[in-house]
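The values are calculated or read from the model by the stated rules, or taken from the named source; none is laboratory data. Nothing here was measured: the structure is a model prediction, and the numbers come from that model. Cβ atoms come from the backbone with ideal geometry, glycine included; neighbour counts cover every protein chain shown. For accessibility, only protein heavy atoms count, side chains too; no ligands or nucleic acids. Shrake-Rupley method; radii C 1.70, N 1.55, O 1.52, S 1.80 Å.
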Amino acid sequence: FIREYAKKIADKYSGISAAGVPVLPDRVTDKFLSAYIEKGNLNHIPVGIEKETLEVSCCDFTVSPVNLVLSVNQEWQGFTDALSSLLSNSCGVRTMILAPTGKSSIKSSSEKLQVFNDVDSCVKAVRDIFRIVLTRNNDYKHKLAAGEAAPEFEPVFMIIQSMSLLKTMLERYKPAEDEKKETDDD
């Protein structure tokens with residue numbers, strides 16, 4: 001009875017009311033954090049909730065080109081997938097996930113979110129990254145040489161789930177045409 005009565009009074013009330021009491025959610029998801037996104041502001045990306053204060057914790061990804069995510073257990077897998085989704089869907093930033101472990105739960109790719117879950121696709125992604133860097137470097141040099149302003153480039157986030165495994169994969173990788181050449185030479 002009391003709950004129903006309180007709800008009726010609250011529904012009728014149109015004045016200023018107190019803010020809700022913050023509660024730590026059971027699970028912090030990209031959908032939960034997307035409410036705290038400031039479109040186009042990459043120096044204030046929400047990444048979690050502080051347990052003590054229940055405030056949203058943000059990361060400034062513009063400070064450093066490389067950021068490490070470390071965890072004691074396998075929580076990094078869910079975190080990197082959620083961060084990728086948040087960056088691509090809510091921020092509109094092109095995001096590439098290199099998951100040489102094959103452990104990304106994101107199965108579909110889009111224009112803004114690309115997932116590479118095996119050796120061949122990770123090698124393709126590394127080639128794409130190299131092409132992007134080379135093109136941007138050349139564009140930058142040409143603009144400066146022509147006396148023009150330095151170009152602004154769209155940010156591209158790279159999430160690599162295991163640098164050591166990716167490095168090993170790249171060292172051992174042989175394209176199919178190289179394997180064919182080796183068998184033809186024998």
Notebook entry, point to check: Being open to solvent by 40 Å² or more (accessible area, probe 1.4 Å), more than 14 Å from the chain's Cα centre (by Cα) and not aliphatic (A, V, I, L, M), is that true of even one residue in the range 76-86?
Noted result: no
Check: With respect to residue 67, is the statement that it is in contact with a Gly (Cβ under 7 Å, 6 or more places away or on another chain) and among the polar types (S, T, N, Q) true?
Finding: no
Item checked: For residue 120: the one exception among (1) in contact with a Ser or Thr (Cβ under 6 Å, 6 or more places away or on another chain); (2) part of a helix (DSSP H, G or I); (3) over 24 Å from residue 45 (Cα atoms) -> (1)
Margin query: With out of contact with any Asp or Glu (no Cβ under 9 Å at 6 or more places or on another chain), part of a strand (DSSP E or B) and not basic (Lys, Arg) as the only criterion, which of 101, 95, 62 stands out?
Written below: 95
Next item on the list: Would you point out which residue out of 34, 17 is open to solvent by 60 Å² or more (accessible area, probe 1.4 Å) and polar (S, T, N, Q)?
Entry: 17
Check: Only one of 52, 111 is over 21 Å from residue 25 (Cα atoms), part of a loop (DSSP other than H, G, I, E, B) and open to solvent by 70 Å² or more (accessible area, probe 1.4 Å); which?
Finding: 111
